[in-house]
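These notes are about the structure you will find just below.
The values are calculated or read from the model by the stated rules, or taken from the named source; none is laboratory data. Please read these numbers as outputs of a predicted model, since none were measured by experiment. Every residue, glycine as well, gets a Cβ built from its backbone with ideal geometry; the counts of neighbours run over all protein chains shown.
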Amino acid sequence: MKSYAPAITGILCALLWSAMPSAAQSAFEPTIPNKIPAPTSAPEGMVWIPGGEFSMGSDKACEGVCDLPGVTRDATPIHRVYVDAFWMDATEVTNAQFKKFVDATGYVTIAEKVPTQEEFPTAPPENLVAGSTVFAPTPHPVKLDKHLQWWSYVLDANWRHPTGPESDIVGRDHYPVVQVAHADAEAYAKWAGKRLPTEAEWEFAARGGKTGERYTWGNELKVDGKFQANIYQGKFPVENGDTGEDGFKGIAPPKQYPPNPYGLYDMAGNVWECCSDWYRVDTYARQKLAGGVTRNPQGPSTPYDPAEPSEKKRIHRGGSFLCTIKYCTRYMTGTRGKGEVSTASNHLGFRCVTPLTAPTP
């Protein structure tokens, strides 16, 4: 589908899904949550996820019609997975929470550090400056095959200054923290007595006990004509942010949309969320080939992305405020994201989990 027809693209995606209920959903077997109550009162800001068995992954209903082919290809085949029960942050970690961690430990994020010549031996010394990646709209419509048209490395962009030194987080204590790389998220989680979720835990929680639904709230993008997540409307990437249909032109504070059945907010859109797993395009194929039900998968032991074989990438989940049906539809529940481990951006954040001390049946 050509880039000048976003409305038609969206209609075709929706029609394909509605026209293929048996083909698209037949691979999803019923979710079987564990029937155990929460063992204690909830830790502050966390909700109980009972764990259980479910069908993990995505179908390919939109392949070939959206402007970014391959969105769901690495999330196939659908396969059975079991995860133990755990607690999960109801919202993404906020600026205020991350600041408390930094104040207590003196932690310095990757984006605040000057890269070394050892890390980037071919880079000119003048290019080794502290900063991070930031989205900026293009001045006119462009083909969507070269993401560096709207992403750039910005000097002194970090969690305190998400889009560069002229920006700040004053008055945004309760907005999700961004510009954190994987190691930064892990460091916070360890300090908080938690950890990052596995990809399987994240998807089980996002599905909320339901079976095979496209979004965390159901199969329709809108409910009663209203968006249910902070995603991108407008003409990507020309218009920065949204047209206002979902109420926000960038990152939103938490709890602006209804929670999923487990009480989790923003499991679709707003900011991407780090998971603990290494990324491999063939992870699901390997699990399916093994047969049976995969229990508590931790992800592959090594990363590999054939598109960038030299890059070490971890899983990201949930999409962000920059995801659109025209370019990046990975706010769909079963789809996967990925990111180089030392790279942060102004649409990447995280939330944490706390497992039980003993596995559930």
*Within region 200-231, how many residues are assigned to a strand (DSSP E or B) and farther than 23 Å from Thr283 by Cα?*
6
*Are there any pairs with C-beta distances below 7 angstrom linking a residue in region 97-125 that is among the aliphatic types (A, V, I, L, M) to a residue that is in a helix (DSSP H, G or I) and at pLDDT 90 or above, with the two at least 6 apart or on different chains, and if so which?*
Ile110/Ala183; Ile110/Asp184
_Matching residues in region 120-163 - criterion: being within 28 Å of Ala252 (Cβ to Cβ) and among the β-branched types (Val, Ile, Thr)_ = Thr133, Val134, Thr138, Val142, Val154, Thr163
*Quick one: is Ala229 over 19 Å from Ala268 (Cβ atoms) and hydrophobic (A, V, I, L, M, F, W, C)?*
no
_Looking only at region 232-285, and only at residues there that are of a type in the set (Ser, Thr, Tyr) and not in a loop (DSSP other than H, G, I, E, B), the one that is farthest from His182 (Cα to Cα)_ = Tyr284
*asked:* When you check Glu29 against the structure, is it among the charged types (D, E, K, R), surrounded by 13 or more Cβ atoms within 10 Å (Cβ to Cβ), more than 14 Å from Thr333 (Cα to Cα) and modelled with pLDDT of 65 or more, yes or no?
replied: yes
_Tally up the residues in region 130-168 that are in contact (Cβ under 8 Å) with a residue 24 or more places away in the chain, in contact with a strand residue (DSSP E or B) (Cβ under 8 Å, 6 or more places away or on another chain) and surrounded by 13 or more Cβ atoms within 10 Å (Cβ to Cβ), please._
15
